[in-house]
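Worksheet: one structure, shown below.
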Amino acid sequence: MKRLFLFFLISYVITTITFVHAENVTPNPEILIDEMSAATNQLNYDGIFIYRHNKQIDTMRIIHKKNHNGDVYERLISLTGNAREIIREKDQVKYFFPENKIAIVEKNRLGQLISSYIPDPIQSISEFYNFDIVGDGRVAGLDAWIVNIKPTDRHRYGYQLWIDKKSKLLLKSKLKNFQGVTLEFIMFTQIHVLENIDDLLLKSSFSSHNFTWINNIINTANYENNSERKWSALWVPGGFSMSDHSKDPMPTSKIPVEHFIYTDGLASISIFVEKLSERHKKINSGATNFGGVNTYSTLSDGYQITAVGEVPKATVKLIADSVQSSH
């Protein structure tokens, strides 16, 4: 009997050690980030996180669902400050601003409402970033790997990610400049992976009848393009390529604004080209920032050129200044 007990005890210890060892084998950081991207897109989850930018801290709730057809639905709810919501239904996004009784509908181009979905394999951008697993930690009661993503040049930002060891979901992230200073901070305080999510949880809590709706989805074929200028950015950082190009109306005008999106697989940069009317000849040119998002505007022959992105201020300025047109 003692020998039998000793056999079971030894077997239990070996099994436990093997399990713990398997859980703590350091993975390849690039493969781990690809797994994070897949989990962000494919899993159903409901979580609460804090978002810090500049000196402001917001608390938000994210509900994400992917149905059996592969369609993605999300709802982002502000739990502090102004009561706002963002609803994603497949490739359409609705923004609700109850304090102004305004709702805006747009085409969704940037994937998830929280940027942790990377459509391309991470190896495709390894020339411009270095990836390292620097340890492990604990976030929202879950064990996580800590991954550093450092840029190889000064034209883009770095990231530090905490990725759940079990689900591979992103639990915490920091956006950092080239000196390592944190510009933005996201951290989940709780997150639950679910088998299914009731569709009612993905509906807005606001009555759509009380809102003025602005539809920013238009058919650009209605606009004559023959005599219009052809705009392009003559300089973007290495690794960035155009992922989308469209003409979107502004809420205050029926004239479409040309919109370019460039991405390197991690960071995205938007360029807006808007023809100014006589009464809008004067603009507020120069740089502004919101957390890690920098904006730079300039004037070119009666057009306002604006570059916006999660890249350094010098980068958006170089891009905006390089935008030129041809007839």
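Just checking, how many residues over the stretch 79-133 are at pLDDT below 85 and part of a strand (DSSP E or B)?
Selection size over the stretch 79-133: 2.
Which residues, counting only those in the stretch 167-192, are on the phi > 0 side of the Ramachandran plot and either of a type in the set (S, T, N, Q) or touching a residue at least 24 places away in the same chain (Cβ under 8 Å) (or both)?
Correct list: Lys168 only.
Among the residues that make up the stretch 45-53, is at least one of them assigned to a loop (DSSP other than H, G, I, E, B), over 15 Å from the mean Cα position of the chain (by Cα) and assigned by TED's automatic domain parsing to the domain that holds Arg88?
No, the conditions are met nowhere in the stretch 45-53.
Limited to the stretch 136-157, what total is found for residues that are surrounded by fewer than 21 Cβ atoms within 10 Å (Cβ to Cβ) and touching a Phe, Trp or Tyr at 6+ places or on another chain (Cβ under 8 Å)?
Here the count works out to 10.
I'd like to check something: does the stretch 202-216 contain any residue that is at pLDDT below 80 and either touching a helix residue (DSSP H, G or I) at 6+ places or on another chain (Cβ under 8 Å) or surrounded by 15 or more Cβ atoms within 10 Å (Cβ to Cβ) (or both)?
For the stretch 202-216, residues at pLDDT below 80 and either touching a helix residue (DSSP H, G or I) at 6+ places or on another chain (Cβ under 8 Å) or surrounded by 15 or more Cβ atoms within 10 Å (Cβ to Cβ) (or both): present.
Of everything in the stretch 65-76, what is without any contact (Cβ under 8 Å) to a residue 60 or more places away in the chain and surrounded by 12 or more Cβ atoms within 10 Å (Cβ to Cβ)? Give them in sequence order.
Matches in the stretch 65-76: Lys66, Asn67, Val72, Leu76.
Just give me the residues in the stretch 20-64 being among the acidic types (Asp, Glu) and either at positive phi or without any contact (Cβ under 8 Å) to a residue 40 or more places away in the chain (or both), in sequence order.
Asp58
Can you go through Leu32, Leu4 and tell me which one is over 30 Å from Pro98 (Cα atoms), modelled with pLDDT of 90 or more and not in a strand (DSSP E or B)?
None of the others qualify; the one that does is Leu32.
Does at least one position in the stretch 218-229 carry a residue that is at pLDDT below 80 and of a type in the set (Val, Ile, Thr)?
yes
If you take the residues of the stretch 29-61 that are of a type in the set (D, E, K, R) and farther than 28 Å from Gln123 by Cβ, which of them is surrounded by the fewest Cβ atoms within 10 Å (Cβ to Cβ)?
Lys55
For residues that are under 17 Å from the mean Cα position of the chain (by Cα) and at pLDDT 85 or above, tally how many sit in the stretch 273-290.
0
Any idea which of Val293, Val308 is surrounded by fewer than 20 Cβ atoms within 10 Å (Cβ to Cβ) and either at pLDDT 85 or above or touching a Leu at 6+ places or on another chain (Cβ under 6 Å) (or both)?
Being surrounded by fewer than 20 Cβ atoms within 10 Å (Cβ to Cβ) and either at pLDDT 85 or above or touching a Leu at 6+ places or on another chain (Cβ under 6 Å) (or both) holds for just one of Val293, Val308, which is Val293.
The values are calculated or read from the model by the stated rules, or taken from the named source; none is laboratory data. Everything numeric in this text was worked out from a predicted model, so none of it was measured. FYI the Cβ positions are ideal-geometry reconstructions off the backbone, even for glycines, and counts take in every protein chain you see.
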